[in-house]
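Each remark here refers to the structure printed beneath this line.
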Amino acid sequence: MKLAEALILRTDLQTRLENLRYRLSLNALVQEGEKPAEDPAQLLEELNRSCDELEELISRINLTNATSEKDGKTLTELLSKREVLKQKVSIMQSLLDSASKTVIRGSRTEVKIFSTVQVSELRKECDRLSQELRIIDTSIQSANWLIDLK
C-alpha cells in the first residue's frame, strides 16, 4: 500500500469513528419498554476494532514519514516545515490585511492613521513564502504516491 492510500484510509477511519460517536449517543438512552435502533454493545465492538485499526495505521504512517526521504529530508521534516510555513503565511496575510486598510477621514482635524510596516515588501516576502509552501506541499504529495507504507 502506498503512503497516500494509507492517508486516505486514515481519513476514512477517523470519519467512521465520528460516525460511531454519533450513533452511540443516539442509542445510549431509550424509553422504558423500547429498544435502541442499534445495539450499543455491537457499536462498541466496532469502535474498538476501528480504534485498533487506526492506531496501527497511524503508527505505520509515522514510521514511514520518519524513515522516508524526499529531497534530502525526511517526510517528517517536510511536514513540519509545511505546517510552520502555513502558519507563518497565514499570520503575514492577516498583518497585510490589517496594514492595507485605508481609513477615511471626515475632516482634516481627525487623526491620521499610518501603516507601521512596509506593505509592499512584506507582500513580496509573503508571496515568496507562499510559493515555497506550494513547492513543499507538491513534493510531499508526490512522495505520498511513490513511497510504500512500512
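Each value in this text was obtained by applying a stated rule to the coordinates, not by laboratory testing. Remember, predicted model here, so these are calculated numbers, not experimental data. FYI the Cβ positions are ideal-geometry reconstructions off the backbone, even for glycines, and counts take in every protein chain you see.
Computed values, structure above
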item: Rounded Å value of the spacing that divides the Cα centres of the range 50-84 and the range 1-48; result: 26 Å
item: Cα extents of the chain along the three principal axes, largest first (Å); result: 77, 52, 16
item: Net charge over other residues, Cβ less than 14 angstrom from the Cβ of residue 89 (K, R count +1; D, E count -1); result: +2
item: Amide H contacts of residue 2 (H built 1.01 Å from N, under 5 Å, at least 5 apart or other chain); result: 149
